[in-house]
Amino acid sequence: MSIHYGVHDAGSCALYERALALWNLGFPDQARSWLERSTSLAHTLDLPANTADAYAYAGLIYHLLRDPAAAQRYAEPAFRISAEKGYPYSRILGAGVLGWSLALQGETDAGIALAQQAMVAARESSQKLHYTQLAALLAESLILAGRYREAVEVSDDAIAQFEKHRDLLCAPDLWTLKGAALLALGAADEEAEECYQAALCLAQELGAKVSELRAALSLARLRQRQGRAAEALQTLQPIFDWFSEGFHTPDLIAAKALRDELAATN
């Protein structure tokens, strides 16, 4: 029936949009559950455009869940189908996610090239939706390669675009990634702390719980390194305690490990 609605499968869309919302609200297990329902439906879709969209969004959500292998499993066919059929939107998303997933699995140069391709195409087509996530995909890939100055430039550009267009997903993460890149460049701790505080404030404003956790984790690590263990624990503990699920995810595993380490020294 999607042919009657602009070649758009409303069922698959509703499922992956719900997964996106649940992740942002801080319920990663529920997000994964709804994503699995979305991908199950996607496997039954007949139209290539529907399949490409569904797979591209699955890749985006697996990126948010920090599962590069699963992200690649869906981004790869999304990118391939979109390139074959000429679907620009899902091709951009697929390229960005595939690039990040490759970079995290050791194919850094190939991954960066794909993520950069996605960013260039997004700019040329004036795509605003998911621009912050595309930038976060590229910035993290650049950091993995030690290309910290480029990561700062990508983050700064996307932060400026966010101020104009308010593409919300991953917006706080841009500040967190910028802070990490600045520290790697040898910037003063105060510069990185400003970035992490900006990420925290924006995440709290948006109700973006996972992004808030990531910012708090980075800030707590910085304060721990400065010998401010008590402040580090005060930074991390409240947002960690908020979560009721997702404790097997990389973000919460890292947060718990640091929380336990800090608690043992206080």
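The values are calculated or read from the model by the stated rules, or taken from the named source; none is laboratory data. As the structure is a computational prediction, the values presented were derived from the model and not from experiment. Counting neighbours? That spans all protein chains shown, and the Cβs are built from the backbone with ideal geometry, glycine included.
Figures for the structure shown
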{"read-out": "Filtered residues of segment 25-72 (kept if among the charged types (D, E, K, R), in contact (Cβ under 8 Å) with a residue 12 or more places away in the chain and farther than 19 Å from residue 213 by Cβ)", "value": "37, 53"}
{"read-out": "Test for residue 254: is it in a helix (DSSP H, G or I), at pLDDT below 95 and within 21 Å of the chain's Cα centre (by Cα)", "value": "no"}
{"read-out": "Given (1) buried (at least 24 other Cβ atoms within 10 Å of the Cβ); (2) closer than 21 Å to residue 108 by Cβ, index of the condition residue 73 fails", "value": "(1)"}
{"read-out": "Subset tally (residues that are touching a residue at least 60 places away in the same chain (Cβ under 8 Å), in a helix (DSSP H, G or I) and crowded, with 22+ Cβ neighbours inside 10 Å) for segment 153-210", "value": "1"}
{"read-out": "Subset of segment 230-244 that is surrounded by fewer than 18 Cβ atoms within 10 Å (Cβ to Cβ) and part of a helix (DSSP H, G or I) - its residue that is farthest from the chain's Cα centre (by Cα)", "value": "230"}
